[in-house]
Amino acid sequence: MGLFSRDIHSMDALCVHGLQDIFYAENQILKSLPNMIEKAASGELRKGLQTHLGETKKQVRRLEQVFRMHGKEPQGSNCPAIDGILEEADDIMGEVDDKNVLDAAMIAAAQAVEHYEITRYGALMAWAKELGRADCARVLGQNLAEEKATDKKLTALAEKRVNPAAERRTRPAGGSRKASPSRARSRPAKPSRATRKSKRPAAKSKRTAGGR
């Protein structure tokens, strides 16, 4: 059904529907993470995904707590957005053969998921505060903080380890990076001191004694 539905007529209903959206998303993520962990070649990436799997389980329990705080039973609502993001991630994992390149692709896919979650939790916190439910906002804020921290860790891992490893792995054998055009151009050699001296105009000969 998605977040924007015709059956939403109040801010409270919007908030509850948003909870159903992210509850569905988190449960779908729980199903997809084990496959990503299995395919990860980098030990650091595998460990990071395993850590986030544990965090996601806790996040689902927090969402159940927020549902109860609203007097609602925890339940999900189909979310086409997260389904599309996870489907794309699954497609990538089936198309990339090189393990190092696959790690780089999986980090990008995982961050797409994180960014979706960050926007949803940010909106839910704002709505909860507007409804005077600071208690709900605090619980949701714990999930949001974990999603942001995971996103930063993935960025650092990609930049320092995974992306450089993927680039080296796919570089042609014996090849090297091409120098940038500015550095590739050879600067004109400075003339030697002897050369500069030889190019000076010859000094005029002194007049002979008595001459004009």
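Just one of (1) in a helix (DSSP H, G or I); (2) under 26 Å from Glu64 (Cβ atoms) trips up Thr155, so point out which.
(2)
Do we have any residue at all in region 125-134 that's crowded, with 17+ Cβ neighbours inside 10 Å and either within 20 Å of the chain's Cα centre (by Cα) or within 21 Å of Asp151 (Cα to Cα) (or both)?
Yes, region 125-134 has at least one match.
Scan region 68-105 for residues that are within 22 Å of Arg46 (Cβ to Cβ) and among the polar types (S, T, N, Q) and jot them down. Write out each step before concluding.
Just the residues of region 68-105 that are within 22 Å of Arg46 (Cβ to Cβ), to begin with: 85-86, 88-105.
Of everything in region 68-105, just one residue is within 22 Å of Arg46 (Cβ to Cβ) and among the polar types (S, T, N, Q), namely Asn100.
Please list, ordered by first then second residue, the pairs with beta carbon atoms under 8 Å, 6 or more apart or interchain, first in region 5-31 and touching a residue at least 60 places away in the same chain (Cβ under 8 Å) and of a type outside the set (Val, Ile, Thr), second part of a loop (DSSP other than H, G, I, E, B) and surrounded by 21 or more Cβ atoms within 10 Å (Cβ to Cβ).
That search, which allows pairs on different chains as well, returns Asp21/Cys79; Ala25/Cys79.
Residues in region 154-170 that are open to solvent by 100 Å² or more (accessible area, probe 1.4 Å) and farther than 19 Å from Lys39 by Cα: how many?
The initial filter retains those residues of region 154-170 that are open to solvent by 100 Å² or more (accessible area, probe 1.4 Å), namely 159-161, 168-169.
Narrowing the set further to residues that are farther than 19 Å from Lys39 by Cα leaves 159-160, 168.
Final tally of qualifying residues: 3.
With the condition kept exactly as written, say whether any residue in region 106-121 is of a type in the set (Gly, Ala, Ser), under 28 Å from Glu44 (Cβ atoms) and surrounded by fewer than 18 Cβ atoms within 10 Å (Cβ to Cβ).
Applying the first criterion (of a type in the set (Gly, Ala, Ser)) to region 106-121 yields 108-110, 112.
Keeping just the survivors that are under 28 Å from Glu44 (Cβ atoms) gives 108-110, 112.
Now restrict to residues that are surrounded by fewer than 18 Cβ atoms within 10 Å (Cβ to Cβ): 108, 112.
Looking through region 106-121, at least one residue is of a type in the set (Gly, Ala, Ser), under 28 Å from Glu44 (Cβ atoms) and surrounded by fewer than 18 Cβ atoms within 10 Å (Cβ to Cβ).
Select from region 34-50 the residues that are outside any helix (DSSP H, G or I) and under 16 Å from Lys153 (Cα atoms) and write down the one among them that is most open to solvent (accessible area, probe 1.4 Å).
Here the answer is Ser42.
Tally time: how many residues in region 84-105 are open to solvent by less than 30 Å² (accessible area, probe 1.4 Å) and farther than 23 Å from Phe23 by Cα?
Number satisfying all stated conditions: 5.
The values are calculated or read from the model by the stated rules, or taken from the named source; none is laboratory data. Just so it is clear, the model here is predicted, and its values are computed rather than measured. Cβ: placed from backbone, ideal geometry, glycine included. Neighbour counts: every protein chain shown. We work out accessible area using only protein heavy atoms, side chains counted, and drop any ligands, DNA or RNA first. Shrake-Rupley method; radii C 1.70, N 1.55, O 1.52, S 1.80 Å.
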